[in-house]
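Read-outs: derived from the displayed coordinates by stated rules, not from any lab. Every value quoted in this text rests on a predicted model; they were computed, and no experiment measured them. So basically every Cβ, Gly included, is an ideal-geometry build from the backbone, and we count neighbours across all protein chains shown.
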Amino acid sequence: MFTSKDDLKLDYGVDMEIGKFLTDRKVPSENLYWKDRLLYIIPMPGYLFIPLYMDIQYRLGLSKKQLLSEEHLQLLEAILHSAARLEAKTINFKQHIEECTALAEPVNKNPGFLQDLKYYFGGEKEKSGVSLGAAYPSLSRADAYLFSLCCFDFGGDLKKQLADAWYALIGYYLVIDDLEDLESDYEHQEENAVIEAGLDDRGVRSVMDVLDRCYETMNKINPVLANRMDHKRQVIRVKEKIDTFLEKIKNR
């Protein structure tokens with residue numbers, strides 16, 4: 001599967017220079033996140049989110065030069081390597097956050113935001129200077145990627161915009177993923193926002209509310225990407241998926 005700069009532009013609205021840079025980038029060696037991958041960006045959410053969020057960061061005002069810098073790319077790649085180690089259960093979540101903190105500190109240009117993250121991941125998010133965390137804990141499972149923002153110096157207003165955009169992007173993808181993986185996550189007791197929301201009518205409304213908020217936030221930033229979200233929320237059948245899953249469980 002191949003994703004080009006043109007695909008990223010036409011399908012998601014991604015800046016052509018950002019798209020070219022990332023699709024041309026070599027896969028980092030000995031990085032578990034890219035293990036057995038031949039291409040840096042493939043058409044899967046776990047890789048697409050990199051150019052999509054980078055384009056969002058650029059749209060919100062971060063420097064393209066800094067976004068495409070080796071300092072930033074090597075930090076985000078190291079964070080994702082740690083995330084892959086967490087997924088493989090070679091480290092636990094606490095160790096993952098400790099690794100990401102240690103990776104961010106040498107290149108940190110935003111002491112305030114790094115402290116926000118320390119409060120958040122330390123269980124004291126009320127002390128943070130920005131609202132972090134999603135409606136359901138499972139929708140926050142990729143939040144360690146926010147350590148990559150420590151490469152940039154930005155103030156309060158932009159901090160909120162970057163955080164809100166992150167949750168709009170990743171929340172959308174994680175909800176869709178959790179709907180598809182409902183049965184598997186249930187069997188393996190994995191995190192799943194749909195299960196957390198509740199497998200009833202109230203849960204259906206909650207899931208749709210999440211998708212609605214993701215769309216509304218993204219439509220103010222990247223209308224091309226928002227249009228894809230809008231299409232998905234109109235064609236997805238949350239109740240049908242939940243009912244099908246419950247029927248399977250009932251008949252076992």
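Computed values, structure above
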quantity: Selection within region 88-111 - within 22 Å of Leu73 (Cβ to Cβ), of a type in the set (A, V, I, L, M, F, W, C) and in contact (Cβ under 8 Å) with a residue 40 or more places away in the chain; calculated: Ile97, Cys100, Leu103, Ala104, Val107
quantity: Residues satisfying the stated conditions in region 1-29, i.e. within 23 Å of Glu71 (Cβ to Cβ), touching a residue at least 24 places away in the same chain (Cβ under 8 Å) and among the charged types (D, E, K, R); calculated: Asp15, Glu17, Arg25
quantity: 2 or more residues within 22 Å of Glu87 (Cβ to Cβ): qualifying helices (runs of 4 or more DSSP H) within region 1-70; calculated: 45-60
